[in-house]
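First the structure, in the form of structure tokens, and then the observations on it.
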Amino acid sequence: MTTVTSASAATVGRGANRAEAWSGGARAYDGERDGNGVYAEVYTAAGGHTYVWDGNGSDGNWGPWTDFPGTRITQFRVCEDHSGCSTWVYNP
């Protein structure tokens, strides 16, 4: 599932878990109380590859935004430990 949440951000989901990104930042949301961590997997135009974790567990709140100054996100997806990942969302 991919939805556009505003003119500049997109959200992808897998089950009740979500990742959201705009050209310069990303965050993750753990929507399942199953003990598995949730993160956004991110690639940037500068060749970076990183993970942005929810960090607060399944408490009903999004994890903090992680910004990528000086580059832009080219693709991202949401992943859950021990369960797999969503499809990739591409930011051309």
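The values are calculated or read from the model by the stated rules, or taken from the named source; none is laboratory data. Note that the structure is a prediction, hence the values are computed from the model and not measured. Every residue, glycine among them, receives a Cβ derived from its backbone with ideal geometry; neighbour counts consider all protein chains shown. When the accessible area is computed, the model is the full protein with side chains, heavy atoms only, and any ligands, DNA or RNA have been set aside. Shrake-Rupley method; radii C 1.70, N 1.55, O 1.52, S 1.80 Å.
Residue ranges 10-22, 55-67, 38-50 sort as 10-22, 38-50, 55-67 when ordered by packing (mean number of other C-beta atoms within 10 Å per residue, highest first).
In this label model, Ser23 and Ala45 are separated by 0.7 nm, measuring between points 7 Å along each Cα→Cβ vector.
Under a 1.4 Å probe, what is the accessible area of the chain per residue, stated in Å²?
Numbers: 4720 Å² over 92 residues.
The answer is 51 Å² per residue.
Set against the 2.2 N^0.38 Å expectation for a compact globular protein, the chain has a Cα radius of gyration ratio of 0.98.
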